[in-house]
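Below is one structure, written out as structure tokens; the observations come after it.
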Amino acid sequence: MREKVAVIGAGFVGTMTAQRIAEKNLADVVLVDIIEGVPQGKALDMNHAASLVEMEAAVQGTNDFAEIRDSRVVVVTAGFPRMPGMSREELAAKNGKIIQSVVSRVREFAPECVLLIVTNPLDIMAYTAWKLSGFPARRVLGMGGVLDTARYEFLLARELGVSVRDIDALVIGSHGDTMIPLVEYSRARGVPIKSLLPEDRIEKILERTKNSGAEIVGLLKTGSAFHAPSASAAAMVEAVLKDSGRLLAASVLLEGQYGIRDVFIGAPIRLGADGVESIYEIVLSAAELQAYRDSAAAIRQFLDKISAS
Ligand code: APR
């Protein structure tokens, strides 16, 4: 039997994620949305390109959640993108309701899946989804660190004028302003970036990495990023389907690691067929560890605030 992946939300991120998975022939894709005709139309459009892009996987568009049955991975992109001027609280309230309704259907029809949350605010939505799903924590994770790392690596490569393939880095912490690009672990073909770039240039790259999402929202004005987010989600889906044991950063439940507990936050993990197979406790500088704990405290505060309202 061919593998099956469900993508919930046939907007910009969901459609592009479905397309990337199908074009790589990773799995058949079921694309679900509440708007009648939209997932069906987009799926048909993607299928029409099959012979041109050597796509053997099938994409099915539907409004019926029962079709996600037996999906190995369910990627949730349903929800509103961040708009200029919209507060994080407003976004969390709106998208929290959507996550609630989507997760109840996932529980019903794909109770054994690995649940990958893409909807923002990411760490908050991933935590909400985990709580509502009743799934073991290893089967719920959020797509944040892969995207933040990719953006950081792109900016480093451009600054250094080297191929992005030679850059190797990691970004942990919240998928937001308090993310932590790990400078000590950032290298270009093994050479620490600190020996290649002056401190002020590194500092500028760190700032731009943290603001990348907002930078795109500011440019697009009517939506948020979807090319790099969908590439990140598809890479994570591939790691699960192929059981490749990728070491990457993802939003996962910490239960005491780094002195942090009961939040979803970006951490270095091993991703495989069962989902989160290990959470690595890597050595951080005192400043990074403090920043990490502060990032977690900000997420916890936000969770407390929205659960009280
Ligand atoms: N079930 C299924 N689909 C839903 C539901 C639901 N309950 N509620 C909303 N949707 C669908 C919408 O109909 C829409 O087609 O989710 C889709 C969202 O698409 P866009 O508005 O294009 O948003 P997009 O840019 O794809 O971003 C989606 O991903 O990266 C994050 O911040 C981003 O939270 C946002 C999410």
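Taking 23 Å as the cut-off for C-alpha to C-alpha distance, list the pairs among Lys4/Lys221; Lys94/Lys305; Lys97/Lys131 that go past it. The answer is Lys4/Lys221. In segment 1-82 the Cα-Cα distances spread across 10 Å bins starting at 0 as 22, 57, 21, 1 percent of all pairs. For segment 4-144, a crude dipole built from +1 on the beta carbon of Lys and Arg and -1 on the beta carbon of Asp and Glu, taken about the Cα centre, is about 540 debye to the nearest 20. Between Glu184 and Glu90, the FRET efficiency from the beta-carbon distance, with R0 = 30 Å, is close to 0.25.
From most to least packed by mean Cβ count within 10 Å, the peptides 166-179, 7-20 give 7-20, 166-179. Antiparallel beta bridges, as assigned by DSSP with both residues in the chain, represent about 50 percent of the total such bridges. The label point for Arg208 and the one for Glu159, both projected 7 Å from the Cα toward the Cβ, are 0.8 nm apart.
Just to be sure I understand: of the beta bridges DSSP finds with both ends in segment 113-207, what percent are antiparallel, rounded to 5? Roughly 65 percent of the DSSP beta bridges within segment 113-207 come out antiparallel. Once you order the gyration tensor axes a ≥ b ≥ c over the Cα atoms, which shape class does segment 50-137 get: rounded for a/c under 1.5, otherwise prolate or oblate by comparing a/b with b/c? In terms of gyration-tensor shape, oblate. Starting from the Cα gyration tensor of segment 145-308, take the square roots of the eigenvalues, sort them a ≥ b ≥ c, and report rounded, prolate or oblate (rounded when a/c is under 1.5, otherwise prolate if a/b is larger than b/c, else oblate). Rounded, since a/c falls under 1.5. Net length available on complete extension from Ala231 to Val53 is 62.4 nm, with 0.36 nm assigned per residue and the Cα-Cα distance removed.
The distance from the alpha carbon centre of segment 112-186 to that of segment 43-60 is 29 Å, rounded to a whole number. Just check segment 262-309 against the gyration tensor rule for me: Cα atoms, a ≥ b ≥ c as the square roots of the eigenvalues, rounded for a/c under 1.5, and otherwise prolate or oblate depending on whether a/b exceeds b/c. Since a/c reaches 1.5 but b/c is at least a/b, the shape of segment 262-309 is classed as oblate. The length gained on full extension between Leu219 and Glu36, counted as 0.36 nm times the residue separation minus their Cα-Cα distance, comes to 62.9 nm. Please list log₁₀ I(q)/I(0) at q = 0.08, 0.15 Å⁻¹ for the chain, using the Debye equation with identical point scatterers on the alpha-carbon positions. Log10 I(q)/I(0), no solvent term: -0.33, -1.21.
Coordinate-derived values only; no laboratory data. Quick caveat: nothing in here was measured; it's all calculated off a predicted structure. Cβ atoms come from the backbone with ideal geometry, glycine included; neighbour counts cover every protein chain shown.
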